[in-house]
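Everything on this sheet refers to the single structure shown next.
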Amino acid sequence: MPDGPGPQQPESPPPEPRDPASQRPEPQRPGPQRPGSQPPGAQPPDPRRPVAPTAGGAAADLAMDEGAALELPYGGTPGGPVGRPRSLWSDAWRELRRNPVFLVSALLILFLVVISLWPQLIVSTDPLACDLGKSQQGSEPGHPFGYDTQGCDVYARTVYGARASVTVGICATLGVALLGGIAGGLAGFFGGWADAVLSRTADVFFGIPVVLGGLVFLSVVTGTTVWPVVGFIVLLGWPQIARIARGAVLTAKEADYVQAARALGAGNTRLLLRHVAPNAVAPVIVVATIALGTYIALEATLSFLGVGLRPPTVSWGIDISNAAPQIRNAPHMLLWPAGALSLTVLAFIMLGDAVRDALDPRLR
C-alpha cells in the first residue's frame with residue numbers, strides 16, 4: 001500500500017521582533033584584578049600624563065587616549081610643575097613687547113634722551129656760535145637745516161634744544177607724580193578731613209588757567225634755568241594726579257584681600273605699602289606718561305610767549321618764537337624746531353597710550 005501522508009506537525013510561530021536596544025551587548029564588568037594588573041591588550045599608563053577627571057564619555061576617553069594636551073594655567077606643561085603666576089607688571093611687559101606702537105615710541109624717546117645727554121654724538125657745531133653774514137640762509141654742506149636770523153646753525157640748535165624740553169618734561173612729570181600720588185593716596189586711604197581738604201584745594205587749582213597762571217607766576221620768578229618752569233608745572237599739575245590716585249586707592253582699599261589683611265591684624269602702614277599702593281599705582285603711571293608730552297608742549301608754549309625759558313638757554317619754544325615773524329622769508333627756521341617738538345610730544349603720547357592698553361586688562 002502506498003504510504004499516505006503522515007501526521008502533520010504543527011507549524012512553529014514566527015519569531016517576535018525584538019527591540020534594537022535589547023540587542024546591544026551587555027557591558028562586561030571587569031572582574032577583580034590584582035593591583036598593577038592590566039586587561040589584555042591595554043597600554044600601561046604614562047606616568048608623565050596628568051590625570052584629569054572626565055565627564056564620562058567616549059569622546060572624553062578618546063581625547064585622553066590620543067594624548068590631548070591639557071591647557072594648564074600660566075604656561076605650565078603637562079607632566080611638569082605649573083609655572084609661576086604672572087603679575088600685572090609681567091603681563092603688561094609681555095603685551096608691550098608685542099605692541100609696535102610701544103616699540104617705535106620707545107626707540108624714538110631713547111634717541112631723544114641720548115642726544116639730550118650727549119648731543120656731540122651727532123653735531124659738532126656750537127649752537128651759540130652765530131655769523132650775521134649767513135642770516136636766514138638755506139642749507140649748505142655741514143649745515144643741513146640752514147641758519148636763523150642771527151646766523152646760528154638751525155641744526156645745532158634743534159639738537160641742543162631737545163635737552164631743555166626733555167629735562168622739563170621728565171622732571172615735571174616726576175614731581176607731579178610724587179606730589180599728587182602721595183597726597184591723593186593718603187587722602188583716599190584715610191579719608192575724613194584730609195580728603196575734604198585735598199578735594200577743595202584741588203578744585204581751587206583746577207580753576208586757574210594754565211597759560212594765565214604761567215604768565216603771572218613766571219613773570220615774577222625769573223631765571224634762565226629750567227627749574228622755575230618745572231616748579232610751575234608741578235604746582236598746577238599735581239591736582240590731576242591726586243584725583244587719579246585718590247580714586248585708585250578708594251577702589252583698592254575695598255578689595256577682599258585688603259579686608260582680609262586688616263582682619264588678620266595688619267596695620268595701616270603695611271596695608272598702604274604692601275597691598276593698596278602696588279595695586280593703585282598703575283593708573284598714576286598711565287596718566288603721568290601721557291601728561292609728559294603735554295608738559296613738553298606747555299614749556300614750549302611758555303617759552304614762545306617769553307615767560308618760559310630765556311636765552312642763552314637753547315629751547316625749541318624760543319626758536320619757534322624767533323622764527324614766527326620770518327615764516328614767509330625763511331620757513332626752514334620754523335619747520336625744523338616745530339617738527340622736532342611735534343615728534344617728541346607725539347612719541348610720549350603714543351608711549352602713554354601703549355602703557356595704558358597694557359596695564360588695563362579690560363582693553364586687551
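Scan the stretch 129-141 and report the pairs whose first residue is closer than 12 Å to Asp153 by Cβ and whose second residue is open to solvent by 70 Å² or more (accessible area, probe 1.4 Å) and of a type outside the set (A, V, I, L, M, F, W, C), with Cβ atoms within less than 6 Å and a gap of 6+ or a chain change.
Filtered contacts from the stretch 129-141: Cys130/Gln150.
Determine whether Thr301 is β-branched (Val, Ile, Thr), assigned to a loop (DSSP other than H, G, I, E, B) and open to solvent by 20 Å² or more (accessible area, probe 1.4 Å).
Spelling it out, it is not the case that Thr301 is β-branched (Val, Ile, Thr), assigned to a loop (DSSP other than H, G, I, E, B) and open to solvent by 20 Å² or more (accessible area, probe 1.4 Å).
For a quick check of your reading of the model, give me the residue pairs whose first member lies in the stretch 222-247 and is of a type outside the set (A, V, I, L, M), whose second is part of a loop (DSSP other than H, G, I, E, B), with beta-carbon atoms closer than 6 Å and at least 6 apart or on different chains.
Thr224/Arg310; Thr224/Thr313; Pro228/Val221
One residue is enough: does the stretch 305-314 have a residue meeting the conditions in a helix (DSSP H, G or I), modelled with pLDDT of 90 or more and more than 25 Å from Gln240 (Cα to Cα)?
No, the stretch 305-314 has no match at all.
Enumerate the pairs (first residue in the stretch 267-283 and under 20 Å from Leu359 (Cβ atoms); second residue anywhere and among the charged types (D, E, K, R) and open to solvent by less than 50 Å² (accessible area, probe 1.4 Å)) with beta-carbon separation below 7 Å, excluding pairs fewer than 6 apart on the same chain, so at least 6 apart or on different chains.
Val276/Lys253
If we scan the stretch 345-361, do we find a residue that is modelled with pLDDT of 90 or more and under 13 Å from Asp148 (Cα atoms)? Reasoning before the result, please.
Initial filter on the stretch 345-361 (modelled with pLDDT of 90 or more): 345-351.
Next, only the ones that are under 13 Å from Asp148 (Cα atoms) stay: none.
Scanning the stretch 345-361 turns up no residue that is modelled with pLDDT of 90 or more and under 13 Å from Asp148 (Cα atoms).
If you scan the stretch 322-344, which residues turn out to be β-branched (Val, Ile, Thr) and buried (at least 20 other Cβ atoms within 10 Å of the Cβ)?
Correct list: Thr344 only.
Just checking, which of Gly184, Gly214 is assigned to a helix (DSSP H, G or I), touching a Gly at 6+ places or on another chain (Cβ under 9 Å) and within 19 Å of Ala288 (Cα to Cα)? I'd like the intermediate steps shown before the answer.
Values: Gly214 fails: within 19 Å of Ala288 (Cα to Cα).
Testing whether each residue is assigned to a helix (DSSP H, G or I), touching a Gly at 6+ places or on another chain (Cβ under 9 Å) and within 19 Å of Ala288 (Cα to Cα) leaves just Gly184.
When the residues of the stretch 251-270 are narrowed to those that are open to solvent by less than 60 Å² (accessible area, probe 1.4 Å) and part of a helix (DSSP H, G or I), which ends up modelled with the highest pLDDT?
Once the filter is applied, the top-ranked residue is Ala260.
Inspect all residues belonging to the stretch 156-179 and state whether any of them is touching a strand residue (DSSP E or B) at 6+ places or on another chain (Cβ under 9 Å) and modelled with pLDDT of 90 or more.
Among the residues of the stretch 156-179, at least one is touching a strand residue (DSSP E or B) at 6+ places or on another chain (Cβ under 9 Å) and modelled with pLDDT of 90 or more, which makes the answer yes.
Does Ile290 meet the test of being at pLDDT below 90, out of contact with any Cys (no Cβ under 8 Å at 6 or more places or on another chain) and either basic (Lys, Arg) or open to solvent by 30 Å² or more (accessible area, probe 1.4 Å) (or both)? I'd like the intermediate steps shown before the answer.
Working: at pLDDT below 90: yes; out of contact with any Cys (no Cβ under 8 Å at 6 or more places or on another chain): yes; either basic (Lys, Arg) or open to solvent by 30 Å² or more (accessible area, probe 1.4 Å) (or both): yes.
Answer is yes for this residue.
The values are calculated or read from the model by the stated rules, or taken from the named source; none is laboratory data. Source: prediction; values computed, not measured. As a convention, Cβ positions derive from the backbone with ideal geometry for all residues, glycine included, and neighbour counts pool all protein chains shown. Surface areas here come from the heavy atoms of the whole protein model, side chains and all, with no ligands, DNA or RNA. Shrake-Rupley method; radii C 1.70, N 1.55, O 1.52, S 1.80 Å.
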